[in-house]
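Trainee: Can you keep this structure in mind? I'll have questions shortly.
Derivation of every value follows stated rules applied to the coordinates shown; laboratory data play no part. Since the model is a prediction, treat every value here as computed from it, not as a measurement. A quick note on method: Cβ atoms are made from the backbone with ideal geometry, for glycine too, and the neighbour counts reach across all protein chains shown.
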């Protein structure tokens with residue numbers, strides 16, 4: 001079993017459970033950007049779980065784009081919350097504003113920051129996985145790893 005693949009899956013599962021906890025237990029209403037991040041994170045928990053079970057190291061090709069897009073959206077979301085200048089570009093016009101802080105631990109840890117950390121862990125893990133996969137394929141060209 002590949003440790004970076006396992007780490008990516010664990011990060012996705014924790015992020016998914018945390019997201020559901022905040023909305024279903026704490027009754028925090030997700031903003032538009034939170035929904036986009038959920039749309040990208042929830043499938044990662046399932047797809048990475050299946051790839052851990054099957055030890056499919058080639059999965060990075062399919063899930064890396066999702067994690068990079070999620071990292072970009074959550075990074076933008078963090079900037080909306082923490083940099084007043086960016087609030088003029090806020091896209092949440094109905095419901096909960098994207099700049100609302102439900103939590104603010106230690107002055108900088110918010111829900112979008114947690115999502116950014118999770119997407120970053122997943123992205124870095126998948127880049128490491130991609131490099132090791134390519135090295136194994138180069139070193140064993142007759143029988144490439146599936």
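Trainee: Fewest Cβ neighbours within 10 Å first, please rank 34, 98 accordingly.
Mentor: Result, fewest neighbours first: 98, 34.
Trainee: When the chain is modelled as a GNM with alpha-carbon springs shorter than 10 Å, which of 25, 13, 52 fluctuates the most?
Mentor: Taking springs between Cα atoms under 10 Å, the residue moving most is 25.
Trainee: Quick one: give the max-minus-min coordinate of the C-alpha atoms of region 17-101 along each principal axis, largest first, in Å.
Mentor: Largest to smallest, the principal-axis extents are 44, 29, 18 Å.
Trainee: A further question on this structure: What relative contact order, as a whole-number percentage, does the chain give when Cα pairs under 8 Å and 6 or more residues apart are counted?
Mentor: 34 percent
Trainee: Which residue fluctuates the most in the chain, going by a Gaussian network model with Cα springs under 10 Å, if the choices are 53, 36, 133?
Mentor: The residue that fluctuates most here is 53.
Trainee: Using the 10 angstrom Cβ neighbour count as an exposure proxy, how do 48, 64, 33 rank, fewest first?
Mentor: 64, 33, 48
Trainee: Using the Cα atoms of region 72-146 to build a convex hull, what is its mean projected area in square nanometres?
Mentor: Mean shadow area of the hull around the Cα atoms is 7.4 nm².
Trainee: In addition: With springs only between Cα atoms under 10 Å, which of 128, 83, 68 fluctuates most in a Gaussian network model of the chain?
Mentor: Among 128, 83, 68, the largest GNM mean-square fluctuation belongs to 83.
Trainee: Expressed as an acute angle from 0 to 90° and rounded to the nearest 10, what is the orientation of the C-alpha long axis of helix 32-54 relative to the principal long axis of the chain?
Mentor: Helix 32-54 and the main axis of the chain meet at about 20 degrees.
Trainee: So what's the Cα pair-distance distribution over the chain, bin width 10 Å, in %?
Mentor: In whole percents, the pair-distance histogram is 12, 39, 28, 15, 6, 1.
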